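The values are calculated or read from the model by the stated rules, or taken from the named source; none is laboratory data. None of these values were measured; they are calculated from a predicted model. For neighbour counting, all protein chains shown are included, and Cβ atoms are generated from backbone atoms with ideal geometry for every residue, glycine included.
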Amino acid sequence: MKKTVLTFLLFIPFVLSAQVTTNPSPIEVDQPVTITVDITAATCNSISSPGSVYMHAGIGPDSNPWNKVQGNWGMDDGVGEMTDNGDDTWSITITPNSYFGLTAGEEASATKMGMVFRNEDGSQELKHDNGGCKDFFFNVGAFQVSMINPTDGSIIVSSGGNTSVLATNTNGAADYELFANGVSINTRLNYDVTMGGPYQYFFSGITENQHCDLVVTQGGKSITKSFVILVNSAPAQNMAGGLVDGINYDSGDNTKATLVLNAPLKDFVYLAGSFPGNDWEPKPMHAMKKDASGKFWFELTGLTPGTYYTYQYWVGALSPVADSPKLVKTADPFSTLVLSPFDDPGNPNLDPGLPSYPTGQEREVTVLQTGQTPYSWTSFTKPKKEDLIIYEVLVRDFDANRNFQDLIDRIDYFKDLNINAIQLMPVMEFEGNESWGYNTAFHMALDKFYGTEDKFKELIDLYHQNGIAVILDLALNHVFGRSPMVRMWMNDPDGDGWGTDGDDETGDSSMSTENPYLNQYETHAYSVGNDFDHSSTLTQYYTQRVIKHWIEEFNIDGFRWDLTKGFTQNCSPSNEFCTNSFQQDRVDILKAYADYSWSLDPDHYVIFEHLGTPDGSDDEETEWADYRIGEGKGIMLWGKQTAEYNELSMGYNATIYFMGHDSRGFSEPRLVGYAESHDEERLMYKNLQFGNSSGSYDVTDLNTALSRMPAIGAVSLTIPGPKMIWHFGELGMDNSIFMCSDGVTINTDYDGNDDGDCKLTTKPQPQWDEMWLNDPNRRQVYDDWSRLISLKINEPVFEGSYSIDSPVSPSNLIPKIYIWDNALPNLKNVVILANFDVTSQNVVPNFPYTGTWYDLMDETGTTSITVNSTTDPISIPAGEFRIYGNQASTLSANDILLEDFTLYPNPTKTSFQITKPVENVSVYDITGKLIKTYNGGFPARYEFGVSEMADGMYLIKIESLEGSVTKRLIIN
């Protein structure tokens, strides 16, 4: 036995990193140590060409190496600054006890140092690639304690079972004392493991959970190893009907809440938390009961209404598959609010009313609160799909504070731009703080970095009051590693609780074969995170719960579904052709999700990021676009045209024919066309870098490039159907999406160096810092787009038919767009001409008929031309456009204020209402004949009767003290 134990000790791993070295090693808490990092060594992150390198470090016991921290993330303030050694290595020398300001007690318990390295502003960080991107950890002191059993902080036994606690230490004899549930049960003084073998204590006949602390002391320094012995217990008892997974609040009793967890193939679950009688040390009474369905449940009682409580599930399996943990501590998969030990400390927008993360715990915990006051919502009627101008925005990079309040404060910016929808990149709880949000971990929880639930509801309600719909970007193709659905069924061969990253090419997987939510291996070519299996009924249930939560709790108007090509089970990571081909399972499940959304909200916007290709998935897009179209529904599809519009903006040939829905074979306008999105390079950046600079006209000149952007708006936003703007395109944003937070642009495609890129990093805020709205050249883009958007939304002709004259060859620098609706009585023909050449051009307009044609950019309606021949050329300077109508627009400057005068219901059978007070209402048929008038002033939501009118389309002219506007109404 002794020989076996000594052999084991020889193989206890002592983790060293060639990337980071310490001298001396191990680190001594009261002695100087030099820490050196090689920023070029292979890792999961990198630091390239830094001005400075900083060490962000912490020290503490094994259970919390970050107990005391030095470093101010993102600050170039000298705290933790390292010295450049001139060979890609950087060093810093510290004495830990003085560097961290340790008390005598903290010094005595310090056994580990944690380290992360960063550049001067924190936009680049360097961590350890060890089964995932992790912090560096180093032992502190020659005296160390290692647990042999348990190795992962827990032991699971059957009721009445036995187990042994085994531990060893370095540096000579030590005193051992074992505590169970706060009571000392064993002491061994001056025990030498090299003579007697590991310290051992035998538990027998265990019937209650034991919360243990093994305190090992040597030379006045103590190390505590905490662990728990859990009894496998899951009392069989059926739960009440009507309960759902997650938190169930009792509508009649605010002192109660019932928690439900579906954990297939798990044997027992204990509930640990801050609620009365538990205090994060679950007793047998806190074993969750097991329903006949296999779900675990527990009713909490004695809660104080309005008080925040935190909890976790301790999920156990007696015999999990190889490399899957026996015990996982995890938050609720259906959490709507979580606390994080990783993200909360660096969150400047954290709600001060929330409780602190519970001391001594690990991983995310769920927050519950009974007695919450429901939000009082303002009624809102969504804009029609055909009229949508969607403004895509990343909250993090919209304004300096990077929170919801910024968007609330900037409401006038959006109103003046006249957009009628915003689409927020993911705001669900994601890993880290400053992120794009696609690394989601909890899909039903709002990420606290952006603000509180109440603040988000205030934002939504305010935008609704101003006629602006709110759409959420939803990443349900995948989930990231902190998710309970990953953690409960992960592969974790090293037992560190993080699992593996997985690599399909080597046959490795981050998921065990038991995972009921997630694929063990990705089933498509565009893998991100851990891949959901949408053929699983559990995944489908989870997805529906996510949909229901955001629609019913937050009044969200629509979802943009990220990476919908991943919703198939039929392909492999290496088969891109399969992924892009028609997949019936993908069609079926996505239609089912759309159906569920519409069952909750009949007018819900459903938008897919599918980006179909000619080799097959275009057929899928057509199925979705036309799905339930006879009911006024249909799924909208992203329509990327970045390269084509960028070629035009730079002064090179391109066709924009595919910006319209007709080019995709859709029967109705369901294509969300865009020239820019978060995933594509900025048009203006490439204008300045690669624009046509022939002769005296130079597109690489800033003001020249800006002068071409109104024309981009004219030939994109006006095409019938929904369209999208990526934030600050309307101001000519010229910072690359690969710009780092320090203003340096790093991207392999541009600089030729294999140094990664800054695509995902936080961006500077020049649009506000430099007051771009006061720059006449940038303001012109904003004002012209604002006018174009107002025309698009308010003039019925832009819902009509169209054609795009933009040939593939020989020259397509002069696109022409024709829009018409011959059923309209007034403005029924629009002609848009643009010259993207670098010289002035005489453009043959091919007007549909002669006569007077009005400049629709003139808000006074007085500028016009007389057309004697439809082919007489019109001179258009380089980079400019013209937009003509057969009549002046009915919009005036005041009419722009009337965009939020909405008719509903529409279609209707008997009556309609208007969302704001009006003076007069006139009803015209499609020939322009006046059918009915209502005069004399009417309050908001007055009911206008139309039951006597025949089925068909009518034009409703609304007059108010602010001006007038015409809307379409369908009676059927």
Where in segment 63-137 are there strands (runs of 3 or more DSSP E), lying fully within it, with 1 or more residues that are touching a Cys at 6+ places or on another chain (Cβ under 9 Å) and at negative phi?
112-119
Could you please let me know if R396 is surrounded by fewer than 19 Cβ atoms within 10 Å (Cβ to Cβ) and either closer than 30 Å to Y270 by Cβ or not acidic (D, E) (or both)?
no
Could you count how many residues in segment 934-944 are surrounded by 12 or more Cβ atoms within 10 Å (Cβ to Cβ) and over 18 Å from P383 (Cα atoms)?
5
Scope segment 925-972; condition among the small types (G, A, S), touching a strand residue (DSSP E or B) at 6+ places or on another chain (Cβ under 7 Å) and on the phi > 0 side of the Ramachandran plot; matching residues:
G937, G952
Expected output for segment 347-364 (first residue more than 18 Å from G432 (Cβ to Cβ) and outside the structural domain of F430 (by TED's automatic domain parsing), partner outside any loop (DSSP other than H, G, I, E, B) and not acidic (D, E), Cβ below 6 Å, 6+ apart or cross-chain) is P358/T310
Whichever residue in segment 182-210 is part of a loop (DSSP other than H, G, I, E, B) and more than 51 Å from the chain's Cα centre (by Cα) and, among such residues, is nearest to S109 (Cα to Cα):
D192
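Looking at D416, D406, D447, which is the one that is without any contact (Cβ under 8 Å) to a residue 24 or more places away in the chain, touching a helix residue (DSSP H, G or I) at 6+ places or on another chain (Cβ under 8 Å) and charged (D, E, K, R)?
D406
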Candidate set from segment 642-662 (those that are free of Cβ contacts under 8 Å to residues at least 40 places away in the same chain and buried (at least 18 other Cβ atoms within 10 Å of the Cβ)); member that is nearest to G437 (Cα to Cα)
E644
Report yes if D662 is over 29 Å from the mean Cα position of the chain (by Cα), of a type outside the set (V, I, T) and not assigned by TED's automatic domain parsing to the domain that holds I819, otherwise no.
yes
State whether one or more residues within segment 247-255 are within 30 Å of D213 (Cα to Cα), at pLDDT 95 or above and among the aliphatic types (A, V, I, L, M).
no
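Here is a yes/no grid of residues against (1) buried (at least 20 other Cβ atoms within 10 Å of the Cβ); (2) assigned by TED's automatic domain parsing to the domain that holds D62; (3) modelled with pLDDT of 95 or more; (4) over 28 Å from T579 (Cα atoms):
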{"site": "M425", "(1), (2), (3), (4)": "yes, no, yes, no"}
{"site": "G432", "(1), (2), (3), (4)": "no, no, no, yes"}
{"site": "K457", "(1), (2), (3), (4)": "no, no, yes, yes"}
{"site": "I471", "(1), (2), (3), (4)": "yes, no, yes, no"}
{"site": "M490", "(1), (2), (3), (4)": "yes, no, no, no"}
{"site": "G495", "(1), (2), (3), (4)": "no, no, no, yes"}
{"site": "T513", "(1), (2), (3), (4)": "no, no, no, no"}
Six or more apart or on different chains, Cβ under 8 Å: which pairs go from a residue in segment 240-261 that's of a type in the set (D, E, K, R) to one that's crowded, with 18+ Cβ neighbours inside 10 Å and part of a strand (DSSP E or B)? Could you list them?
D245/V260; D245/L261; D250/A257; D250/T258; K256/L300
Could you run through segment 211-233 and say how many residues are assigned to a loop (DSSP other than H, G, I, E, B) and surrounded by 18 or more Cβ atoms within 10 Å (Cβ to Cβ)?
1
Quick one: which of F143, F179, F202 is among the aromatic types (F, W, Y), in contact (Cβ under 8 Å) with a residue 60 or more places away in the chain and either surrounded by 17 or more Cβ atoms within 10 Å (Cβ to Cβ) or not assigned by TED's automatic domain parsing to the domain that holds Y54 (or both)?
F143
Residue hits (segment 333-358; within 19 Å of the chain's Cα centre (by Cα), crowded, with 18+ Cβ neighbours inside 10 Å and not aliphatic (A, V, I, L, M)) are P333, F334, S335, T336, S340, D343
Using the structure shown, decide if P96 is surrounded by 20 or more Cβ atoms within 10 Å (Cβ to Cβ), touching a strand residue (DSSP E or B) at 6+ places or on another chain (Cβ under 8 Å) and touching a residue at least 24 places away in the same chain (Cβ under 8 Å).
yes
Over segment 314-325, the set of residues farther than 18 Å from W498 by Cβ and in a strand (DSSP E or B) is G316
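When the residues of segment 283-300 are filtered to those that are over 34 Å from the mean Cα position of the chain (by Cα) and closer than 27 Å to S226 by Cα, which remaining residue is surrounded by the most Cβ atoms within 10 Å (Cβ to Cβ)? It would help to see each step written out before you state the result.
Step one: list which residues in segment 283-300 are over 34 Å from the mean Cα position of the chain (by Cα), which gives 283-287, 289-292.
Still in the list and also closer than 27 Å to S226 by Cα: 283-287, 289.
Details: K283: 14, P284: 14, M285: 11, H286: 21, A287: 23, K289: 17.
Here the answer is A287.
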I'm told A594 meets every condition in (1) at pLDDT 95 or above; (2) more than 23 Å from the chain's Cα centre (by Cα); (3) among the small types (G, A, S) except one. Can you identify the failing condition by its number?
(2)
Filter segment 45-81 for residues that are within 21 Å of I746 (Cβ to Cβ) and surrounded by 15 or more Cβ atoms within 10 Å (Cβ to Cβ) and give the result.
N45, S46, I47, S48, P50, S52, V53, Y54, W73, G74, D76
Which residue, of G673, G721, G695, G665, is surrounded by fewer than 18 Cβ atoms within 10 Å (Cβ to Cβ), in contact (Cβ under 8 Å) with a residue 40 or more places away in the chain and in contact with a helix residue (DSSP H, G or I) (Cβ under 7 Å, 6 or more places away or on another chain)?
G665
Quick check on this structure: which one of A57, A18 is at pLDDT below 85 and not basic (K, R)?
A18
Every residue from segment 266-281 that is over 34 Å from the mean Cα position of the chain (by Cα) and either surrounded by 17 or more Cβ atoms within 10 Å (Cβ to Cβ) or closer than 18 Å to P516 by Cα (or both):
N278
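Looking at S158, S164, which one is farther than 14 Å from N209 by Cα and surrounded by fewer than 18 Cβ atoms within 10 Å (Cβ to Cβ)? Can you show your working first?
On the way: S158 fails: farther than 14 Å from N209 by Cα.
So the residue among S158, S164 that is farther than 14 Å from N209 by Cα and surrounded by fewer than 18 Cβ atoms within 10 Å (Cβ to Cβ) is S164.
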Residues in segment 426-464 that are among the aromatic types (F, W, Y) and part of a helix (DSSP H, G or I) total 4
Return the pairs, sorted by first residue and then second, in which the second residue is part of a helix (DSSP H, G or I) and surrounded by fewer than 24 Cβ atoms within 10 Å (Cβ to Cβ), the first residue lies in segment 460-480 and is on the phi > 0 side of the Ramachandran plot, the beta carbons are less than 9 Å apart, and the residues are 6+ apart or on different chains.
G467/K415
